[in-house]
Amino acid sequence: MRHVNVRLTAHDVDPETAYQRIRDFRRYPEVTETVREVAVHPPHADGTVVSDWTVNFRNGLMRWTERDAFFPELLSIGFTQLSGDFERFEGTWRCEPGEDGTSVTFEAVFDLGIPTLAELLDPVADSTLRTNIERILRGLLGRVTPAPAELPDTAAAHG
């Protein structure tokens, strides 16, 4: 299983606006060629939605259906694949105030379900996923840059 963490700073966009744009999955194909199609089904009674995705992935397409849970008070979205090309794909989006704008974090775990080729395919999938997330955020939020790295707490380390 592979873990992906992408943290970018969206400049000139406040956290609430960033969250609202990220949760509007229907817009993704309009703002980036990376996402071919997103079909969002009507919300369930618990507020979650199911969405069907088709995304460019290297020289082909990846397709999956996911359940999305929205947490506006936390400016966070959680998703879990229900079916599709991944064996497992789940994660979160999170928007927070940052030093130079809004810090947007995308975290996911995935498993392509091909153990014998994982060593070869997982790094390619990891890189492609990172690139696709950056393209999506650039399309939705405008100027984005890598978020500053968090510095270790030196007082605690020397303690």
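No lab work stands behind these numbers, since they all come straight from the coordinates. Treat the numbers as computed from the prediction; the structure is a model and nothing was measured. In this analysis, Cβ positions are derived from the backbone assuming ideal geometry, glycine residues included, and neighbour counts consider all displayed protein chains.
Summary of values
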| read-out | value |
| --- | --- |
| Segment 78-85 - phi-based ³J(HN,Hα) in whole Hz, Karplus 6.51/-1.76/1.60, Gly and Pro as x | x, 9, 9, 5, 9, 7, x, 6 |
| Extension gain (nm, one decimal) between Asn56 and Arg143, 0.36 nm per residue minus Cα-Cα | 29.1 nm |
| Estimated 222 nm signal from helices in the chain, with DSSP H stretches of n ≥ 4 weighted -39500 (n - 2.57), rounded to 500 | -7500 deg cm²/dmol |
| Pair Thr105, Arg88: separation of 7 Å Cα→Cβ label points (nm) | 2.0 |
| Computed Kirkwood radius, in angstrom, where 1/r is averaged over Cα pairs of segment 2-146 | 15.5 |
| Distribution of pairwise C-alpha distances over segment 1-77, 5 Å bins, in % | 3, 12, 18, 24, 23, 14, 4, 0 |
| Which of Asp14, Asp68, Asp111 has the fewest Cβ neighbours within 10 Å, and the rest in rising order | Asp14, Asp111, Asp68 |
| Rel. contact order, % - alpha carbon contacts under 8 angstrom, at least six apart, segment 2-146 | 32 |
| Range in the chain, longest, excluding exposed trypsin sites (Lys or Arg not before Pro) [loop by DSSP; at most 16 other beta-carbon atoms within 10 Å] | 59-142 |
| From phi via Karplus (6.51, -1.76, 1.60), per-residue ³J(HN,Hα) for segment 86-97 in Hz, x at Gly/Pro | 7, 6, 8, 7, 8, x, 9, 10, 9, 10, 9, x |
| Prolate/oblate/rounded label for segment 34-93 (Cα gyration tensor, a/c 1.5) | prolate |
| Fewest-first ranking of Thr145, Thr105, Thr34, using other Cβ atoms within 10 Å as the exposure measure | Thr145, Thr105, Thr34 |
| Dipole of the chain [Lys/Arg +1, Asp/Glu -1 at C-beta], most positive-end residue of His11, Leu74, Val35 | Val35 |
